[in-house]
Each structure stands twice: as structure tokens, then as C-alpha cells.
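**Q** Have a look at this one before I ask anything.
Here, each number is a calculation from the coordinates, and none is a lab measurement. Bear in mind that the values here come from a model prediction, so they are computed numbers and not experimental data. All Cβ positions, even for glycine, are placed from backbone atoms using ideal geometry, and neighbour counts span all protein chains on display.
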Amino acid sequence: MKPTLLITGGAGYLGQHLVAQATGWHVHATYLHTPPPVFSGTFHHCDLTNYTHLAHLLARVRPDVIIHTACSNQTPANIEAIVPAARHLASLASQQAIRLIHLSTDMVFDGTNPPYSEDSPRTPLTPYGYAKARAEEIIQELCPQAVLVRSSLIYGISPLDHQTRWLVGHLDRGEPVTLFTDEIRCPIWVDNLVSALLELATLPYTGILHITGPQALSRWEFALGMLALVNRQSSRSLFVASTIAQAGLTRPRNLTLTVHKAQALLRTPLLSFTEVVQHLQPTEASRLHSRPF
Ligand SMILES: NC(=O)c1ccc[n+]([C@@H]2O[C@H](COP(=O)([O-])OP(=O)(O)OC[C@H]3O[C@@H](n4cnc5c(N)ncnc54)[C@H](OP(=O)(O)O)[C@@H]3O)[C@@H](O)[C@H]2O)c1
């Protein structure tokens, strides 16, 4: 019999890819406002900030593993839910000996002292970074056997990821887009992250694990690469190069994470952006881009 996997945020970007690809599992998923896409698996409406709802759901589903993707930085309400959702999940997972894999972010660091390892102290700068850092602390305290996966920009073309959709939306409207040449991230292809998470779900590993692409890119370089991938090079004239300081913002500059631990632990290879681009030829990429979200 297949083990049972509960994916929180199953209608979100990462969540929907996990639901679709977790074929080795009996899949259940949660959603809040976004209606679930028509995929395999059973969806449950659940507000993770409501302890009682979550407790009832876990009693019904009885998962072996929870992959907690819900509560991102897409809206203020999402950010507000990060800490209570983490507290409730950690508490219940610990009581019921459920393996908990929590999605965290490179934004728990301030970007001044890269590269960051799993042992680097948390130094968040933004409200999202603070909330994710606090959630990590709470989970470590309440459920020390949990896994905290720190990732970076998650990208994909079928459907387009959040950042690229935002970018393409601006370009479609003929609006210029400012991109930082000094903000460094390690983007990861959504399918690659999904494979790594599903493998991790079967392993006994506990603690913090960095799972990002192994290639550091500036926001400028990454956007140009995504533009080429979706055949929109002609819109390049709308891109405006800037630095974080020129834009008058306070943001983490270099969020390069070390991924040696994940590379040693997982059979799933972590793919660089260059490798993914070679895999996704532009013609195929453009065809997939036209699919609805
Ligand atoms: N995307 C990235 O580039 C990136 C980078 C690093 C780390 N991460 C982390 O990876 C995870 C997945 O990111 P994502 O971009 O796939 O997120 P996403 O698309 O924004 O999905 C997040 C989901 O969380 C759900 N949610 C929000 N508040 C909730 C609540 N109180 N109860 C139940 N569900 C709630 C939302 O449901 P509704 O839509 O129904 O409201 C949404 O579907 C997040 O934890 C994020 O912090 C993402």
C-alpha cells in the first residue's frame, strides 16, 4: 500500500506540481481560497491558522508525511499565516509522529555574508524573512525531528512561476521593468525541487537542508534567461538595469546558499539554470507557456 502524503497549499505554485508528481503516494492536499486544480489526489479546505480544523483534518487523513508548502510571500495574509500555521503543524506532527517537511526560504538571511550554510545564523531583513525565520525556530522547538528546507526562487514554465508571470504581465502591457544587477539568488526549477522533496520525504534526514539550484544569478541575468526561455527576447528593451541602492530599497543582496549537504544526501541532482535551459528548448518552452495556469 502507498504511504499517505499531505501537501499543504496544494493549489499553490509548488503545491500543485507536488500533487501532480507524487505518484508513489496516496495524496491529500489542502487549499484555502484558490480552488484546487483538477489533479489526482483529494483536496480539503483548511485554514492552517485554525488549530481545530487542522487537528480534525489530520485525524481523518492520518498522513505519514506532511510537505508544508502553504503560506508564502504572495500576500500580507499569507505572511501573517506563516507563524501560526507552522506552530500548529509542528505541534500536531510531533504529537502524532508525522514526518514534517517545512518549506522555508533563503530570505531568512540578510545577504551580507554569503555563501550561507545550514549552520549560518538567521539574519532576516524583511517581514517575510522574519516570519519564516520565526517559523523555523518554532518548528525546531516543537518538532525537532522535522525537516526545514530552505529554497530560493522557484521557476517553471508550465505554468509560469510567480516572478516570470509578473514580468511577462508588465511586458504585455508595455511597462518597463526594473531589475537588480546586484541581487543574487540561486533559482531552482520547480520539477527539480519537487523530485528532491519527494525523495527527501522517504529519507530519515532531520534538520535544516538547503535545496536551491547550484548556480548563483543576478535578478537581471535570471530575468533575461527566463525571457529567452519563453521566447520574449523582443521585449528586452523594456528592461531597466538598477542596483538595490539606486532603487532606494533595503533588500538582501547576495543570498547564495551552499547545497553540498543536499548534493551528498539526495540521488536527485540539483540542476543549474544553464542545465535546465538546455533541457527546455525554447520552442517547447514557448508552447508550454501558452497553457493556462
Ligand atoms: N515561490 C518561490 O520562489 C519561493 C522561494 C523560496 C521559498 N518558497 C516557499 O515555498 C513554499 C511554496 O511557495 P509557492 O510560491 O508555491 O507558494 P504560493 O503559490 O503562494 O502558494 C501558497 C499557498 O498557501 C496557501 N495558504 C496561505 N495561507 C493559508 C492558510 N492560512 N491556510 C491554508 N493555506 C494557506 C494559499 O492558499 P490560497 O491560494 O487558497 O489562499 C496558497 O495556495 C512557500 O512556503 C514559500 O515560502 C517559495
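**Q** For the chain, what is the mean residue ellipticity at 222 nm derived from helices alone (per DSSP H run of n ≥ 4: -39500 (n - 2.57); sum divided by total residues; nearest 500 deg cm²/dmol)? The partial results should precede the final answer.
**A** Working: 10 runs with 110 residues, N = 293.
Mean residue ellipticity at 222 nm (helix-derived): -11500 deg cm²/dmol.
**Q** Counting only residues 5 or more places away or on other chains, whose amide H sits under 5 Å from the amide H of ARG150 once H atoms are built in the peptide plane?
**A** SER104, LEU209, HIS210, ILE211
**Q** Would you work out the Kirkwood radius for the range 131-265? I mean one over the mean of 1/r across all pairs of different Cα atoms, in Å. Write out the running numbers ahead of the final one.
**A** On the way: mean 1/r = 0.0602 Å⁻¹.
Kirkwood radius, the range 131-265: 16.6 Å.
**Q** Next question. Please list the non-local residues whose amide H lies under 5 Å from the amide H of THR178, H modeled 1.01 Å from N, same-chain partners needing a gap of 5 or more.
**A** Close amide H contacts, sequence-distant or interchain: VAL240.
**Q** Here's another thing I want to ask about it. Run the quick spin-label model on THR123 and ALA247: label points 7 Å from Cα toward the beta carbon, then report their separation in nm to one decimal.
**A** Result for the modelled spin labels: 2.1 nm.
**Q** So, one more: Along the principal axes of its C-alpha atoms, what lengths does the range 46-197 span, in descending order and rounded to whole Å?
**A** 51, 34, 29
**Q** Report Rg (one decimal) and Dmax (nearest whole number) for the range 3-93, counting Cα atoms only, units Å.
**A** 12.0, 34
**Q** Kindly put VAL108, VAL259 in sequence by how many other C-beta atoms sit within 10 Å of each C-beta, fewest to most.
**A** Final ranking by Cβ density, sparse to dense: VAL259, VAL108.
**Q** Could you please state, rounded to a whole Å, how far the C-alpha centre of the range 240-270 is from the C-alpha centre of the range 68-91?
**A** 22
**Q** With everything on Cα atoms, drop me the angle between helix 127-142 and the longest principal axis of the chain, reported from 0 to 90° to the nearest 10.
**A** 30
**Q** Still on this structure, I have one more. What percent do you get for the relative contact order of the chain when only Cα pairs under 8 Å and 6+ apart count? Intermediate results must be reported in sequence, preceding the final value.
**A** Working: 563 pairs, mean separation 53.2, N = 293.
Computed over the chain, the figure is 18 percent.
**Q** With the cut-off at 37 Å, report for the chain the share of all Cα pairs above it, as a whole percent.
**A** Numbers: 4767 of 42778 pairs.
So the pairs more than 37 Å apart make up 11 percent of the total in the chain.
**Q** Next up: Given H placed on each backbone N at 1.01 Å, which residues far from PHE43 in sequence or on other chains put an amide H within less than 5 Å of it?
**A** ALA29
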